[in-house]
1. Among DSSP beta bridges whose residues both lie in the chain, state the antiparallel percentage, nearest 5.
2. Could you sort 177-184, 470-477 so that the peptide with the highest average Cβ count within 10 Å comes first and the rest follow in order?
3. What value does the chain have for Rg/Rh, both radii from Cα atoms and Rh as Kirkwood defines it?
4. Please give the Cα centre distance for segment 484-562 versus segment 58-134, rounded to the nearest Å.
5. At a 10 Å Cβ-Cβ cut-off, how would you order 46, 516, fewest neighbours first?
6. Can you order the peptides 484-497, 429-442, 340-353 by their average number of other Cβ atoms within 10 Å per residue, highest first?
7. To the nearest 500 deg cm²/dmol, what mean residue ellipticity at 222 nm is calculated for the chain from DSSP H runs of n ≥ 4 alone, each contributing -39,500 (n - 2.57), summed and divided by the residues?
8. Test of understanding: what is the full-extension gain from residue 183 to residue 316, defined as 0.36 nm times their sequence separation minus their Cα-Cα distance?
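Here, each number is a calculation from the coordinates, and none is a lab measurement. All figures in this text were calculated on a predicted structure; none of them were measured in a lab. Quick reminder, even Gly has a Cβ in these numbers, built from the backbone with ideal geometry, and neighbours come from all protein chains shown.
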Ligand code: FEO
Ligand code: CA
Ligand code: CA
C-alpha cells in the first residue's frame, strides 16, 4: 500500500511547474486524483514499496513471489544438451536453446496454449565466452554460438505445480536467429541499395539481431525491433576504409563490437558487401501461431535503432505504431498505416507494409507536431533506409534517447521513456529545451503526449513531462527530479515502460547501479509502478547485481506477470550468480511473478 501522507503531499506539488533559467518551460502537471486512487494507490493492486538494495536476487513486496521460467542456454527441445557451466554451450547447443540477454517479450494465447515470444537482444561476450581467455569468440564455432544466441526465441510454457516451465518439443517452439531467412517488404524491398551477392532480388534478408523492445499487434503477431545492428559489421578486408556519412550516422565503424561474425560470413564485411547493412535496423513481424511462416521486415516503418513498437488503432481504423530511436540526439517516430484494421481479416497481415512515417517536433510551449518524412524531399526507398537523415531534414527534435513507448489503454495518451543523455547541452545539435531540460541528463525523464481530437492518427499533440527521474537527496535543482520523486522511489534511466490492462504504468530501468554519488540510494536496476492519474510512483521490484530489468508481459488470466532480467553480472561475472546461486555463471532470465493470494497482477 502506498503511503497515504506521501500521496497527499504529492497532490499539492504535482500542480506546480518547473521553471528553467530562460523562461516558462514545461510543466509536469498531473490532473487531480480521484479519491479512490488515494486508497488503492494503483489500479487493482496495492503493495508496500520495496527499498533500494544491491542484493544478488529479486526483491518483491510482501505477498508476491517469483520463480525462474527460462534462462540463457535452457534447451527448447529434448536431445539438446542442458546448459554447461564450464563450456557455456556450443554452436549446436545454442541453436536448440533459449538465447542470451532476453529483452522485450509477449505471451500469446494460441488455441489455449501459452506461447512466449522473447527477444534475445545480444550476447554478453564476457560471459558466453567466459571459457576463452580473451572473453571473445576465438573459433568459428564460437561465432556460430554467438549468432544463435541472438534473435527471437518462441516457445510454449506450461504451469506445473504452480510454476511456469518451458514445454520442450512443442510444435510452436522456434528459434529465429542472426541466420534465419526473412522477407523484406515495403518501399525499400528490391531497391538497388538492398541487393547483395547472396540476394540479387533485394527482397530476402538473412537474420534479425539486436532486437531490443518489442510490440504486438491486435491480429496476433509479434514485432521484434532491431536496435544496435551496427555493432556486427566491420571491414577487415580494408581496415582503413572510410565510412560514408549516411552510414556513419548509424554508428558504423571499421571495427565491430567484439562479435566477430565476419569471421564466419563475408556479408558482415562493409567493404566486400556494402549493401548488407541496409537490410538491418527494421521492425520484424513474426506470426507465433505459424511456426513455419517466414518473418517479414517492414521497411515502411523506417530504419533506425528501434527500441519498441507500440501499436494502437486510430479512430478510423488505421494502425498507429509509435517507435523510439535509442541514441543520443535521435528522434521519436510514428507510422500510420494506409490500410485499416478489420477484426479477423486476413488483410491485417499486410497493414505494416504500406503507410506514412512521421517524426516528432516538441515545442517549448507544451505543443507538438508530427512531421511527415515525405517533406524531406527524399524518395520513399531512401526515407525507408536512411530514415535518420530524412528526420534531420524536416527539423525533428533531437531527444534524450527515446526508449519504449506505451499507450494508455484507459485514455488516449502515450508515454515515452527518455533514458538519459550525456550530450544534452554539450553537442550543438542537442540544445537544452523544454522536453529535454537538463544538461548532461544523467537520470532521464518520461514524456507524455495527448493527441488532438483524441486520435493517435492526429498530427498535433500536447505534451508534458510525467516524471523527471533524479536524486532528491544528493542533487540540486532540476537534478533532484520532479515532485513525484522522493527518497523512497528514486531511480535513474527509465527504459522499458508498459501499461497493464488496469491502466497502471510499469517502469523498468537500465541505469547506473553504483548506488553512490549521483546515484546514491537508487540501488540495483528495478521496476516501479506508476499511477498515470496521480503521478504516484512506487518501487515494486529490485533486480540482482549488474542487471537491467527489461521486458514485461502477462498470462491471459493476468495472474502471472513475466519480467525479464537481462545481463546479471555483466561487468563482474564472478560477483553475480543469478539465478542459480552457488558458484554458478550468471544468466539472463525470464521470471514469473505471482501474488500469494492467487489474484490478478495487472
Ligand atoms: Fe536495447 Fe535502448 O535498449
Ligand atoms: Ca532497452
Ligand atoms: Ca537502455
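1. Numbers: 110 of 114 bridges.
That works out to approximately 95 percent antiparallel.
2. Details: 177-184: 19.8, 470-477: 16.1.
In decreasing order of mean packing, 177-184, 470-477 become 177-184, 470-477.
3. Values: Rg = 22.7 Å, Rh = 24.1 Å.
The Rg/Rh ratio comes out at 0.94.
4. 22 Å
5. With the sparsest Cβ surroundings first, the list reads 516, 46.
6. In decreasing order of mean packing, 484-497, 429-442, 340-353 become 484-497, 429-442, 340-353.
7. Numbers: 8 runs with 51 residues, N = 602.
Estimated from H runs of four or more residues: -2000 deg cm²/dmol.
8. 45.0 nm
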